[in-house]
Amino acid sequence: MIDTHAHLDGEEFRDDLAAVMQRAQAAGVSKVLLPAIDLKSVETVLDVTRRYPGYAYPMIGLHPEEVRADWRDVLARMRMLLDRQQTTEMPFVAIGEVGLDYYWSREYEQEQLEAFEAQVRWSVETRLPLMIHCRKAQNELVQVLKSYRNDLPGGVFHCFTGNEREAEELLRFDGFMLGIGGVLTFKKSHLPEVLPAVVPLERLVVETDSPYMAPVPYRGQRNESAYVVEVVRKLAACYGVSMEEVSLRTDANVRKTFKEL
């Protein structure tokens, strides 16, 4: 199992990261992918990946909720870090976490759009996949991506929780996977019906989004990479296959998407 999205560099793991990593390995998690969300987190993500080479892998990006008026300056500094890091033994494996989020506010709506498009261009230029966050903004996000449809190297629509129409729309982008996490296990989730109806296993990857959105039976607790096994367990039940098959097929999808792994 590969946890494709975990914020293990966060303060929530400051005191017991080693134990968290040990539990992940014991649970069968073979790799974890760590997204950055702002300039500070680029360094903390790299710190974790240096501690766990060959197990933890870094991404670089400006999260939409972190976009402010100074986004151009932030991206300029990030791009310098991106270019520098790609010449080392610990290159970034994706551009992320990037996207659009209008759930709480549209105060920086235009800035989010411009920052997202700039980072989409990074993906096209570097051939690194995108790790995309989208909340209450799928129409706008799809419009941006359509302009680059033929040039995109692929990526993941992280934390997918949408309906059948939304899934079909996103999967029209070749090379992109839907990232499925703990929401799948929630009692009121419609994903157990939506996914088998329109999404083949060849278009899915699993994730935790640790420390957020822990799956049942850990809901309400701090999430961690070991808990991705519960997502795999639920997917196996939804698709009527074994957990081993889900793990093998979603891991293959990760390797297909993230060429640096």
Could you please state how large a percent of the accessible area of the range 124-261 is carbon and sulfur, counting protein chains only and using a 1.4 Å probe?
47 percent
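Can you give the FRET efficiency to the nearest 0.05 for E109 and Y218, using r as the Cβ-Cβ distance and R₀ = 35 Å?
0.50
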Could you check the spin-label model distance between E117 and E164? Points 7 Å from the Cα along Cα→Cβ, value in nm.
3.4 nm
Could you work out how far apart the two model spin labels at E245 and R135 are, taking each label as a point 7 Å from the Cα in the direction of the beta carbon, and quote it in nm?
3.5 nm
With the dipole of the chain defined by +1 on each Lys or Arg Cβ and -1 on each Asp or Glu Cβ, the option from Y239, F173, Y227 whose Cα lies farthest towards the positive pole is Y239
Restricting to Cα pairs under 8 Å and 6 or more apart, the percent relative contact order of the range 1-72 works out to 34 percent
With the 8 Å Cα cutoff and a minimum separation of six or more residues, the range 132-261 has a relative contact order in percent of 21 percent
DSSP H segments from the chain that extend 20 Å or more along their own axis, Cα-based, with Kyte-Doolittle mean of 1.0 or above
none
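For the chain, what relative contact order do you get, as a whole percent, if you take Cα pairs closer than 8 Å and at least 6 residues apart?
Details: 505 pairs, mean separation 52.8, N = 261.
Relative contact order of the chain: 20 percent.
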Starting from the 7 Å offset along Cα-to-Cβ, what nm value, one decimal, do you get for the label separation of F186 and D16?
2.4 nm
First measure r as the distance between the Cβ atoms of R127 and D47, then evaluate 1/(1 + (r/R0)^6) with R0 = 30 Å and state the FRET efficiency to the nearest 0.05.
0.70
Return the whole-Å distance between the Cα centroid of the range 19-33 and the Cα centroid of the range 140-158.
31 Å
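Which loop trypsin sites (Lys or Arg not before Pro) in the range 188-253, with loop taken from DSSP, have no more than 10 other Cβ atoms within 10 angstrom of their Cβ?
Loop-located and lightly packed - K188.
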Net charge around T208, counting only other residues with Cβ within less than 11 Å of its Cβ (Lys, Arg = +1; Asp, Glu = -1)?
-4
Per residue solvent-accessible surface (Å²) - the chain, probe of 1.4 Å:
45 Å²
Charges at C-beta only: +1 for Lys and Arg, -1 for Asp and Glu. How large is the resulting dipole of the chain about its Cα centre, in Debye rounded to 20?
480 debye
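The values are calculated or read from the model by the stated rules, or taken from the named source; none is laboratory data. For clarity, every value in this text was computed on a predicted model and none was experimentally measured. All Cβ positions, glycine included, derive from the backbone under ideal geometry; neighbour counts span all protein chains shown. Only protein heavy atoms, including side chains, enter the accessible area calculation; ligands, DNA and RNA are left aside. Shrake-Rupley method; radii C 1.70, N 1.55, O 1.52, S 1.80 Å.
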